[in-house]
1. To check my understanding: the extent here is largest minus smallest coordinate of the Cα atoms along each principal axis. What are those three numbers for region B:245-333, in Å, largest first?
2. Please give the charge dipole size of the protein assembly as shown, origin at the Cα centre, charges +1 on K and R Cβ atoms and -1 on D and E Cβ atoms. Round to the nearest 20 debye.
3. What is the interface area between chains A and B, defined as buried accessible area summed over both chains with a 1.4 Å probe, reported in Å² to the nearest 100?
4. With the cut-off at 20 Å, report for region A:459-616 the share of all Cα pairs above it, as a whole percent.
5. Put +1 on the Cβ of every Lys and Arg and -1 on every Asp and Glu Cβ in the protein assembly as shown; which of B:Leu264, A:Val538, B:Ser12 then has its Cα farthest towards the positive end of the dipole?
6. Report, in whole Å, the centroid distance computed from the Cα atoms of region A:385-440 and region A:486-520.
7. Provide the per-residue ³J(HN,Hα) series for region A:356-361, in order, calculated from phi with Karplus coefficients 6.51, -1.76, 1.60 and θ = phi - 60°, each as a whole number of Hz, with x at glycine and proline positions.
8. So, counting K/R as plus one and D/E as minus one, what does the shell of residues with Cβ under 10 Å around A:His412 add up to?
Amino acid sequence: MGNLDDASAGFEQSYVHSNGNGSVKSSTPISNGHIPNHTTFVEQRQKSDEQQQQNGEETEEQLLRLKELKFSAPAYTEIRTRSGGLNFKNAEEGSYHPANGHVEKSGKRSDKFKPSQADGILSAEQEHYQKTSFEDVPLHTACLTYLGFYLLMILGYINQLLFVPKVATEKARDGYVTLYDAFESFYSRYVYRRVRDCWNRPICSVPGDELILKDRVTDDYGWSFRFTGTETRCLNLGSYNYLGFASATGRCADESEQRAREKGLAYCSSRCELGNTQLHIDLERLTARYCGVEDAIVFGMGFATNALNLPALLGPKCLVVSDEKNHASIILGLRLSGATTKVFKHNSMKDLERVLRNGVCYGNPKDGGKPYKKILICVEGIFSMEGSIVRLPEIIALKKKYKAYLYLDEAHSVGSMGPNGRGVVDYFKADPKDVDILMGTFTKSFGSAGGYIAGTKKLIDYLRANSHAHCYAGSISPPIVQQIYTSMSIIMGDDGTNTGRNKIQQLARNTRYFRRRLAQIGVITYGHEDSPVVPMLVYLFSKIGAVIRTLTTRHIAVVGAGFPATPIMEGRIRFCLSAAHTKEQLDYALDVIDDVSENLGLKYSRKPRDPNPIEY
Amino acid sequence: MIGIQLFNEIGSIFRNTPTFALVLETLLLITVVWLLLHKRGGRRLTKEQQEYLIDQYEPEPLVGETDPEHPLLRTRLVQSKVGKRVVVDGHDCLNLASHNYLGFLEDNEILEEACKCLRKYGVGSCGPRGFYGTMDVHLDLEDRLANFMGLEEAIVYSYGFSTVASAIPAYAKRGDIIFVDEDVNFSIQKGLDASRSTIVYFKHNDAKDLERLLQEQEKRDIKNPKKAQKTRRFLVVEGIYMNTGELCPLPELVALRKQYKLRLFLDETISFGTLGSHGRGITEYLNVDRDEIDLISAGMEGSMATIGGFCVGSHFIAEHQRLSGLGYIFSASLPPMLTQAAISALDRFEREPQIFEQLQTLSQFVHNQFQGFTKLQLRGDKLSPVKHLYVAQARDNFETEAKLLAKVADKCIEKGVAVVQAAYLQDREHKPVRPSLRIAVNRLLTNDEVLEAFKLIESVSSEVL
């Protein structure tokens, strides 16, 4: 993993928290490679109850937390390939101040912000290419990535040959056909295990702008983990908390708790039997109004919304044209439906048109070339791994031309896109009625759980009578529904404040700032400039682990994705931005990312860099 | 020189070959060339033809018309907290329909702990388990479940329906064979569909029929031993069947599993937390060693009165789902407060094992009473908290029966006993399911209340049927 430079100097990293009346400063010393034993850092955060400021600015909850966090276990080690400590020009740059963020969020600043919109000069295609970036990988990095991967595999195979794997073996099943595919178990044992500590990390706090990791260490190279009993507080760049509604205090939590006390935690029945309440009906009406369509239907799990409703809409004689980067739940739904599925290249309108044209002109080869009963285009609003945004206006034009239907999965985009937070339809100022099936989840922007499908009354009635989830699966829990209802009303401004609008603007501003600063740093990011999902390409499998571990030592929690979730070539780190992040938090993260990418050699981009400071 | 020799050689070949052979070979050559060119050209349509076809294409509407009288559109409205009593469509009723077997929906202790958890973690988890969606409550629940069942590993899903539907395709793949009881619930059927394996249905709870099918399979295996070596075999059954209320003959199935080297998956959605002296399910009740079963799955939407589901098994088996269970990896994790509710329910299981006996005694009482209907026929095991009531005198088709039962249910609700018809998507089930009223027993019901319900249902059903 490169040479660890133990000799490099330690640095003081400071966290300053303040509620405006006074500030408390605490610090934690972290050195490279080794974290000193028994060093503790005390954190204090002041909490003030949610206050409505006179100028209508966003209220901010500050948590009062007096917690001693022991930072004694070497749970996270930093990985450096180049010598030199973290060089911040001054202490201020290495810290973040929620108090200042408070000032930054004031009304004057928001006036300056303009939500992205098509200015009418460029064609949709030109605009898409201007705003979306998929920079090619440098050739030598590509070679290194493959070499690195093969090396990892070869080492794994040697390892498997030489040492008896320390895994659970099956008892009392001699003579049975082996349960697992050999490559699958090899991969998880000898490749994934090396970076296993970077995923499934347990947390013990609200997944808000910050989270608290439960530290764990491994004594046997990733086969098993042991908790150290310590906790690490991190800036959260991994959760899908786009609008910052994940919170244990405030209106959403209060109303959810009240609803739980009133209605209980569950209904122990499906909607069709004895699980239908006014609460569900109200939520459905609100969702329909939110999406700007006639009716909506809600389900208890986002994954199941796709997997269990697509089969109700499609049959074996239908054609589905699906984007190659669609989520696993869509793919499962299509598989269960038995429809013919054709895949088109990610966000390529040319390829989509080719597939549609072939579908219409040549018909169903399985059915002797008869025309397909119906053609459905399946796309996502924001593609969660690519950070790209669907080219909705062009797809709507194609859909009309070829008389296809459109299924739009807004799992990540609802709430996080558009001036009113109503998803990509709002962002592109398209007519929601042009999208036949609007699907989305409540897990992300609304800070709850579940999913919805919205559309015409005819469609929703059909789903009520045919959806698997509606008929068989449990009805959504009352506090979960209430969280969605309250957060949705806030976004829509039904509560009479512009908290929702401010959150949307804060997210859009955070997104642009973060993406531009990353481009300035010189790392390769994928996707659209307005997408709050920001994948940063690190390519090499080993670098995914290295970046995640190093960022954790600097108190930043991020998510990595590698093969098989992405192509072998495209290992990446994914940042998910949130309206809860302040400029100072982002600045802190960006400075650390700058330093880490310098050290680990992640500055692959060959694009010209903006020499001027990026304005927030 | 060599060139000329070669030329002469070729010339002699041509001269020596009989004419008919030459003609034949030339024809063959032409055919090959024609075929190649023809295929490449395909049924290529000109641009104009394509435009014409696109212009002419008329797809079917996205969805068909839905009958406004469709039974599934007519849902009832629950207007109160669900418990032993419930207000349905304005009528205060005794509840015989919610799957709240142990009465935990009304339990304030569980509610308080869940609310406390909400105050620590917020409502949603905002991420899948892999990406900071794992909270310490999830790990705690998994440990507790594994300990409770005496197995190595448990894995928690965020939706009851998706639990078994994700677990089956995590193991069974294309080319494998799954033997399944014909009356399994819809969630298992979807899991089977997703696995793309060969599905063999055996008669409901008929181990003999299963054995016959296994013997047939054995004969096929002898014919093709190479394929047999690669074919995994699974047996999927439910502890208590949602669709019939009957118990599976587990010891016989385990014996067959051993003999024919099958892997046994058991869905305990109803039997978990209801059967056995400690609520550990059908394995405890029938005294079957849990190691004999490869994977146990259960929903938490029944006796535990929360949302979600889980699978338990050996480390070797259950752990695999953390990388292959689609509903586990790609879905946001279970909201922490609902996870806490499950932990609190487990606390109650361990602290007050007498609740299971109470439930079982009551289920038996209900069973004995409900056998006495004149116009309705009871189905289900005496110990099962889920029982089905069918029309005693079978009608011509299921639709008529469904309409009659809907009438019975409506009238019962009007008069103060909530019973509902089991909802099925008849055309999507692998075989039509006979309509029934599904009774769910709640531990908190008293004998008097059961008798009262019996009298009411008896009078309504005699009147309607």
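1. 38, 30, 20
2. Values: 130 positive and 132 negative charges, 548 e Å.
Rounded to the nearest 20 debye, it is 2640 debye.
3. On the way: alone 27970 and 25130 Å², together 42910 Å².
The buried area between A and B, both sides summed, comes to about 10200 Å².
4. Working: 7567 of 12403 pairs.
That fraction is 61 percent.
5. Positive-end residue among those listed: B:Ser12.
6. What the calculation gives is 19 Å, centre to centre.
7. After applying 6.51 cos²θ - 1.76 cosθ + 1.60, I find 4, 4, 4, x, 6, 6 Hz.
8. Details: positive: A:Lys444; negative: A:Glu380, A:Asp409, A:Glu410.
That sum, taken over residues with Cβ under 10 Å, equals -2.
The values are calculated or read from the model by the stated rules, or taken from the named source; none is laboratory data. Not measured: the values here are computed from a predicted model. So basically every Cβ, Gly included, is an ideal-geometry build from the backbone, and we count neighbours across all protein chains shown. Protein only, heavy atoms only, side chains kept; ligands, DNA and RNA dropped before computing areas. Shrake-Rupley method; radii C 1.70, N 1.55, O 1.52, S 1.80 Å.
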